[in-house]
Amino acid sequence: GLALAGILAIASFVALQGNPASVQGGWLWAAALVALLLATMGAPAWPREERQASLLPGPMSDFFGRGLPLVPPKLEAVLVGAILLVGAFMRVFDLEYMPGIFGDEGERGMDARAINEGANPNLFGYGWWGVPNLYFYIMSGFMRVFGDNMFGARMLSVVSGLLTVWFIYKTGRLLWGARAGLIAGALVAVSPVALQFSRQAGESTP
């Protein structure tokens, strides 16, 4: 699998070296990423002691941290659900009109709308302001589902913001345990900066 990924990456490099807008080179690059992902899916988990619930030292391994509470799995699941629900509500409430509509959002939306109206730009090329067309293709799908308006245009950022909450929770949990993961997820769910970028139609959040 790794050898195949390497061959595909080299083939992509050769195709793109002569023509940076080569569609064939773009698909070879995407195939290399898929091959790399599939080759590593069967890798064994990170070795760790059975008693330790995280990769880095946590409450169970620190002499001075023994008093820290451990979170029961069922309670953890409920808390994660609550964090995601609060994060989702704060991102979709009055989404179409707040915090106002900016010109750049309209430019991005027009590129996505053009795709929905039949335009077929190179998936591996770029559109408005040098933004990769992949973003506009994904945004156009969201606008088909959620509406041809600012609500639909901003939903890609909303979903990306919620995925960020989930992955930050998972990262904190992996490294320091459930308690740290819950705290990290809760903070980013209501972070003003995270909310700002989750409520605007921009490529920065995805």
Open item on the list: Suppose a student asked you for the relative contact order of the stretch 69-206, using Cα pairs under 8 Å spaced at least 6 residues apart; what percent would you report?
Closed with: 31 percent
Task: Backbone HN-Hα couplings from phi across the stretch 153-162 [Karplus 6.51/-1.76/1.60, Hz, Gly and Pro as x] - done: 5, 8, 5, 4, 5, 4, 5, 4, x, 5
TODO: May I ask you to evaluate 6.51 cos²θ - 1.76 cosθ + 1.60, the Karplus curve with θ = phi - 60°, for each residue of the stretch 107-123 and list the ³J(HN,Hα) values in order in whole Hz, giving x for glycine and proline?
DONE: 4, 5, x, 5, 5, 5, 5, 4, 5, 5, 8, x, 5, 9, x, 4, 4
Open item on the list: Can you give me the angle between helix 133-146 and the longest principal axis of the chain, using Cα atoms only, in degrees from 0 to 90, rounded to the nearest 10?
Closed with: 80 degrees
Open item on the list: Among [x] 21.3, 63; [y] 18.1, 60; [z] 19.1, 67, only one was calculated for this model; which label is it, if the read-out is Rg and Dmax of the Cα atoms in Å?
Closed with: [x]
Task: Residue among ARG91, ARG113, ARG179 with the largest mean-square fluctuation in a Gaussian network model of the chain, springs linking Cα atoms under 10 Å - done: ARG179
TODO: Using a 10 angstrom cutoff on alpha carbons, build the Gaussian network for the chain and name the most mobile of ASN149, ASN120, ASN133.
DONE: ASN120
Open item on the list: If I fit a long axis through the Cα atoms of helix 2-18 and take the longest principal axis of the Cα atoms of the chain, what angle between them do I get, 0 to 90°, rounded to 10?
Closed with: 30 degrees
Open item on the list: With a 1.4 Å probe and all protein chains left in place, how much of the accessible area of the stretch 77-150 comes from carbon and sulfur atoms, in whole percent?
Closed with: 67 percent
TODO: Compute the length gained on full extension between PHE93 and VAL71: take 0.36 nm times their separation in residues and subtract their Cα-Cα distance, giving the result in nm to one decimal.
DONE: 4.9 nm
TODO: Please work out the average accessible area per residue across the chain, using the 1.4 Å probe convention, and give it in Å².
DONE: 62 Å²
Task: Volume per residue that the Cα convex hull of the stretch 140-179 spans, once the total is divided by residue count, Å³ - done: 62 Å³
Task: Summed residue charge, Cβ within 13 Å of ASP104's Cβ, Lys/Arg positive, Asp/Glu negative - done: -2
Open item on the list: Tell me which GluC sites (Glu not before Pro) from the stretch 66-126 have a DSSP coil assignment and no more than 11 other beta carbons within 10 Å of their own.
Closed with: GLU117
TODO: Show the residues, 5+ positions off or on another chain, whose built amide H is closer than 5 Å to the amide H of TYR126.
DONE: ASN133
Task: Environment charge at GLY181 (Cβ cut-off 14 Å; Lys +1, Arg +1, Asp -1, Glu -1) - done: +2
Task: Computed [θ] at 222 nm, deg cm²/dmol, the chain (DSSP H ≥ 4; -39,500 (n - 2.57); rounded to nearest 500) - done: -21000 deg cm²/dmol
Open item on the list: Mean-square fluctuation check for the chain, GNM, Cα pairs under 10 Å: which of ALA189, ALA119, ALA153 is largest?
Closed with: ALA119
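The values are calculated or read from the model by the stated rules, or taken from the named source; none is laboratory data. Everything quoted here is computed from the prediction, not taken from an experiment. Glycine gets a Cβ as well: all are built from the backbone with ideal geometry, and neighbour counts include every protein chain shown. Just the protein is used for accessible areas: all its heavy atoms, side chains included, with ligands, DNA and RNA removed. Shrake-Rupley method; radii C 1.70, N 1.55, O 1.52, S 1.80 Å.
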